[in-house]
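Chemist: Below: one structure in structure tokens.
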């Protein structure tokens, strides 16, 4: 990732060189980052959804001994995005931990890394269905949702609501290009509301042609697929069903 | 199976059969064959032995004869009904009494459960006719739970089962009791089991049996193999630091097979695998014979030929279809009809390579490339299970290169040459499964288990460090970050023994045992077509007829509305609903998606060598048809014939692209890997490669830049381009994102027990509680690249889907022997691989590039 190509120069302006995609919602101009995060320059707010921290250890507790490195991997990617934008506020859009006991299972190193990311900025944990309550030892403040300048940030998207930015669905789009199937995580938006891709290393995906998306957006939405260095916009109708 | 050929003379073998057996042989007009008596002598001497014999040589009877005789002579034979069927109340006592009277004497292990069932049926006849007091039972996945339970407490004298069932028995606490008195294990179709991970699992089970049953001996039954020594080592425990072998008994005699090639006409295709030009000939051959087996290399080929044969079937011949994706009930009906002689022909894949005696087959047709000499011999051996008559086989080449391969194969058969692969190095993921199984059976000491494991031939070279790493993996995942101690599956107790931490661990083990990981399969269901709309949200009439199963990755390439051939008809893909593919009938006469997935087995190195020799020297071309001779002659004139030991590279322009074609003859899988790595290097040389396609013989890559000119100007070095070092960093970089590598990792993760198998019907509920192994692979690769599962996956990649080892050997062989021909147009030899472009899957650069193109197409569409 060419990190230096994009940097916050001041509170209101972000220079783009084609790596990221600009989107607007309720008049706010937003930056979609190929790492799967959303940045709102005007508020200097960085938004990520569905971190699913400690998913590995959650499985381990049930006898499936997945590699325990997912939390460290997710936090390392989050750190690189934070370094790029230097936000004053970070919003974690729910399902930040895979289960309610996740915060207690954090390895000391991972906990220190998480608290380190919170230095000199605000951190807001939005409640998700996996982690509805508050937790100790993970810093930040807790809220069910938050409204900022006409946009509502909440875990689950809701139909017929204008100006909602949410996560929860883990959108993933599938294309067939020259006989090869390609699946990528993606942002989904119809200009009225927006769903972020899951950010967690072990978070799976739900095809954007699933009825859950039709329920929200009908068929008129754009999927912004995450590439290595940039996003690729594809009309929802062009994405393949499972 | 126990059909006994009228014997030739028994040449003075001094072994006497017990009278009841001698009388039985005589009553059937038979004399024991020499190899049967020889095997009996080995058994009496307490020796383990390998019998190599063709089908029809009375191999199975030979394998069981020693056990039948011993059991008939056993003191206190169990004839007392009360003893044989103990009342439940005194189950354990009764079983112990049974043990003192004999207990389980012989275990028979077959790769196919249908074979186990069939052999049991066939054994019952001599046992009944001689009134022997011997109880024979089968144990497969289909055996009812109650009977399996009873078999563990009150075992039969002879139990016929599969490698997976053996693993399950060994992992039960009854194992030591059940096997303590075991005297013999008979391993059928050993040549086929040992080539896969199943053989690794079986070898570990065998090592355990040898420890539990000190008086155990083995009998291996096998078709002819390249190196019988390998199998002889497999059959006995390997002493530390040296080798031990079972004795070898080889059946000699029998008529040599007659193999011919269907003389191709002028219309012999340049490329492709459909063999469409020969369908009429195949039909004629079927009509002229009693029962014909038509072997093809892939399921889709089987579908196609079956479909076409029925289109021309004016005589209404009974022609059936058999492949592994068809519904099981359907397959069993075909097998039964064939055994009863009601079929004129069966079009089949390797699904019929092994198995029961299929009745009176008098012709085997092999369509397409034979791939290997041993493989072909075994297929042709399915015809005429009579030793005094030759098996008859007809080879049908589908294209020009296959003519060369068929000719080479016929010569190999005439020379009785074998090219079965060497014995495997035991896989670490299989060892992990076995270690957990051992702990489920009884607590173990690491020292003891290690000593036992290295007696298994595939694991004789296992280091203690690797063994300990596997135990660590089984216990807590084997991660550098030691955070899972409290979630351990097995734990070391104060007595120095590892034991499972919870009965649930054993339950899970039982559900996940085995080494066969099927590709994720989706059920194919026939529904009524919907007009117009496609996609997830529409409603479709449910509950149509089930046609069979198809690989998930095949469906992933389809778009609703695409047509393809399956279960003998052309179908239209409608939708995917949970784990079912909905299809409808269509009036289309040509399927849109050709769906040629190359066969699983690559061309053998041996046969490839023969093809090269044949090709390189025009003195050997006499048996070739005119069209093929002409093709090679023009190649010689226009470019060059690749000589053994060298690599011919041709470059030429074609249709505004620049092509680079090379001829390594190392099989499609190795060529695909080479193509992936080569295009990375062409990319770095700024030649802007666009894609490549691989066949069994050649690789063609195309680019915007002119590689030939770059070589001529000295800007590009072929020696550097094909240097072995591509197997270093380039390979690593590619493996990071290779879908094949991820699939390989997934298989290892399932076998090793990291993640659980998916079971039909659970798909929907499990989707929410599973994690994608692709994500696990990415994370593990970054954080612990030397993890035992990644090492297992890399070992698989060396020989499996990526065939890295073969590529490495080839690259080292051709060093300094690369011949470059810069041509002004496509060479005759390059035509077949060039024609595969657009037919075979085309591989390109990283998928990001494809995404960019898709986005650009979208822009054009939107702006146009």
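Readers should treat all values here as calculations from the given coordinates under stated rules, not as data from a laboratory. All values reported here derive from a predicted model rather than from experimental measurement. Note that each Cβ is placed from the backbone with ideal geometry, even for glycine, and that neighbours are counted across all protein chains shown.
Chemist: Describe numerically, in nm with one decimal, the distance between label points set 7 Å from Cα along Cα→Cβ at residue B:425 and at residue A:26.
Modeler: 6.1
Chemist: Grab the DSSP H runs of the protein assembly as shown that are 4 residues or longer, score each as -39,500 (n - 2.57), total them, divide by all residues and round the 222 nm result to the nearest 500 deg cm²/dmol.
Modeler: Helix contribution divided over all residues of the protein assembly as shown: -10500 deg cm²/dmol.
Chemist: Please compute the average number of Cβ atoms from other chains found within 10 Å of each residue's Cβ in peptide A:230-236.
Modeler: 4
Chemist: Right, something else. Would you mind calculating the gained length between residue B:124 and residue B:637 on full extension (0.36 nm times residue separation, minus the Cα-Cα distance), in nm to one decimal?
Modeler: 178.1 nm
Chemist: Once every Cα of the stretch A:95-163 carries one equal point scatterer and solvent is ignored, give the base-10 log of I(q)/I(0) from the Debye formula at q = 0.15, 0.17, 0.25 Å⁻¹, two decimals.
Modeler: So the normalised log intensities are -0.56, -0.69, -1.17.
Chemist: Just counting partner chain Cβ atoms within 10 Å, what average do the residues of peptide A:201-208 show around their Cβ?
Modeler: 4
Chemist: Simple spin-label model, 7 Å along Cα-to-Cβ: residue B:360 to residue A:112 in nm?
Modeler: Result: 8.3 nm between the two label points.
Chemist: Report relative contact order for the stretch B:574-727 in percent, whole number only (criteria: Cα-Cα under 8 Å, sequence separation at least 6).
Modeler: 18
Chemist: Okay, next question. Limiting things to C-alpha atoms, what are the Rg and the maximum Cα-Cα separation (Dmax) for the stretch B:19-250, in angstroms?
Modeler: Considering the stretch B:19-250 through its Cα atoms, Rg and Dmax are 17.1, 53 Å.
Chemist: State, to one decimal in nm, how far the label point of residue B:736 lies from the label point of residue B:44, with both points 7 Å from Cα in the Cβ direction.
Modeler: That separation, rounded to one decimal, is 6.7 nm.
Chemist: Using DSSP, restrict attention to beta bridges with both residues in the stretch A:3-238 and report what percent are antiparallel, rounded to the nearest 5.
Modeler: 65
Chemist: Okay, next question. Given a Förster distance of 45 angstrom, what is the FRET efficiency for residue B:263 paired with residue B:242, based on the Cβ-Cβ distance and rounded to 0.05?
Modeler: So, using R0 = 45 Å, E works out to roughly 0.25.
Chemist: Taking 51 Å as R0, compute the FRET efficiency from the Cβ-Cβ separation of residue B:288 and residue B:466 and round it to 0.05.
Modeler: Efficiency computed from Cβ-Cβ geometry: 0.35.
Chemist: Given a Förster distance of 45 Å, report the FRET efficiency between residue A:219 and residue B:318 from their Cβ-Cβ distance, rounded to the nearest 0.05.
Modeler: Result of the calculation: an efficiency of 0.35.
Chemist: Further question on the same structure: How shielded is B:408-421 by partner chains, expressed as the average number of their Cβ atoms within 10 Å of its Cβ atoms?
Modeler: Per residue, the number of nearby Cβ atoms from other chains is 0 on average.
Chemist: Taking the DSSP beta bridges in the protein assembly as shown as the whole, what percent of them are antiparallel, to the nearest 5?
Modeler: In the protein assembly as shown, DSSP labels about 50 percent of beta bridges as antiparallel.
Chemist: Give me the Debye-computed log₁₀ of I(q)/I(0) at q = 0.13, 0.14, 0.17 Å⁻¹ for chain A, equal point scatterers on Cα only, no solvent, two decimals.
Modeler: Scattering profile of chain A, log10 relative to I(0): -0.76, -0.89, -1.33.
Chemist: Specify, per residue and in Å³, the volume enclosed by the convex hull of the alpha carbon atoms belonging to the stretch B:258-414.
Modeler: Taking only Cα atoms, the stretch B:258-414 has a hull volume of 105 Å³ per residue.
Chemist: Now for a separate question. Semi-axes, largest first, in whole Å: what does sqrt of 5 times each Cα gyration tensor eigenvalue give for the stretch B:226-277?
Modeler: 45, 18, 7
Chemist: Could I ask something else about it? Given N residues in the protein assembly as shown, what is Rg(Cα) / (2.2 N^0.38 Å)?
Modeler: 1.01
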